[in-house]
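These notes are about the structure you will find just below.
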Amino acid sequence: SGKAGGIDPAVSWRPSGRMEFSFGPSINWNHDTWQYLQTSAVPGNTEYFFGDLDQTTLSFRLRGNVTFLPTLTLQVYAEPFYSAGQYLCVQHVLDPRGERWSDRMAYLTPAQISRDNASGDFLVDLNSDATTDATIGNPDFSFTSFRSNVVLRWEFRPGSTIFLVWQQGRSSFSSDGRYRFGEATRSMFSTQPENVFLVKMNYWLSL
């Protein structure tokens with residue numbers, strides 16, 4: 001259960017008959033109150049833990065088409081992407097067949113759960129005896145990526161075409177689930193990129 005929402009507009013711009021650009025920003029929010037975390041064996045029982053996830057995802061889709069000549073065109077595509085998710089509460093299963101939701105799940109109280117400040121792990125003490133019964137590894141996340149594709153197409157003779165392609169990809173991950181757009185942007189563009197260059201040629205043989 002939970003709730004989600006988002007905005008996904010699109011804008012197109014054609015400054016001339018030879019150029020066309022489009023821009024599609026997208027932002028989505030997701031609050032999931034039943035996101036599975038892990039299963040742990042505790043003394044005398046097997047516990048199933050779920051968390052409340054707050055996630056924000058932002059992306060931008062950029063496209064451009066430029067016609068220099070009828071035989072020479074350029075296509076550009078780029079998409080930066082950023083998603084951050086943070087878990088604030090943890091609950092465990094009481095009775096999966098319970099009639100009401102409150103019979104099935106229960107949130108852990110401050111006496112039953114704490115968080116390690118250094119690692120971000122959840123430390124679970126179900127019977128509140130000051131002994132850790134289970135450790136849930138830090139589930140928070142922040143993921144950024146950038147993908148781009150540039151294609152230059154040249155028809156050097158009728159039916160014969162050369163394609164020059166440049167593809168670039170960047171990605172980074174951290175266990176800090178706080179939504180920090182500025183830091184994510186700096187992290188994305190400071191990451192070592194992976195570049196791929198391709199040349200493809202089609203040649204028309206006339207008989």
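The values are calculated or read from the model by the stated rules, or taken from the named source; none is laboratory data. Predicted model only: the values in this text are computed from it and were never measured. Because the Cβ atoms are built from the backbone with ideal geometry, glycine has one as well, and the counts that use them run over all protein chains shown. All accessible areas refer to the heavy atoms of the entire protein, side chains included, with ligands and DNA or RNA removed. Shrake-Rupley method; radii C 1.70, N 1.55, O 1.52, S 1.80 Å.
Side notes on the structure shown:
- Neighbourhood charge, 10 Å Cβ-Cβ cut-off, centred on SER40 and excluding it, Lys, Arg +1 and Asp, Glu -1: -2
- A probe of 1.4 angstrom, applied to the heavy atoms of all protein chains, finds LEU53 with accessible area near 10 square angstrom.
- The chain: angle of helix 181-190 to the longest principal axis, Cα-based, in degrees nearest 10: 60 degrees
- Were the residues from ASN195 through SER22 laid out at 0.36 nm apart, the gain over their Cα-Cα distance would be 59.9 nm.
- Relative contact order computed over the range 148-207 (Cα-Cα under 8 Å; 6+ residues apart), in percent: 42 percent
- Each Lys or Arg adds one and each Asp or Glu subtracts one; over the other residues with Cβ under 15 Å from the Cβ of VAL165, this totals +2.
- Solvent exposure of the chain, expressed per residue, is 63 Å² of accessible area, with all protein chains present and a 1.4 angstrom probe.
- Accessible area (Å², 1.4 Å probe, nearest 10) - GLU194: 140 Å²
- Other residues within the sphere of radius under 10 Å centred on the Cβ of SER22, judged by their own Cβ, net out at +2 (K and R +1, D and E -1).
- Where ARG170, ARG186 fall by accessible area, highest first, once all protein chains stay in place (1.4 Å): ARG186, ARG170
- ARG153 accessible area, 1.4 Å probe, all protein chains in place, Å² to nearest 10: 70 Å²
- Choice from PHE60, PHE181, PHE156 showing the highest fluctuation, given a GNM over the chain with Cα pairs closer than 10 Å: PHE156
- Springs join every pair of Cα atoms under 10 Å in this Gaussian network model of the chain, and among SER175, SER190, SER145 the largest mean-square fluctuation is at SER190.
- Share of carbon and sulfur in the accessible heavy-atom surface of the chain [1.4 Å probe, %]: 57 percent
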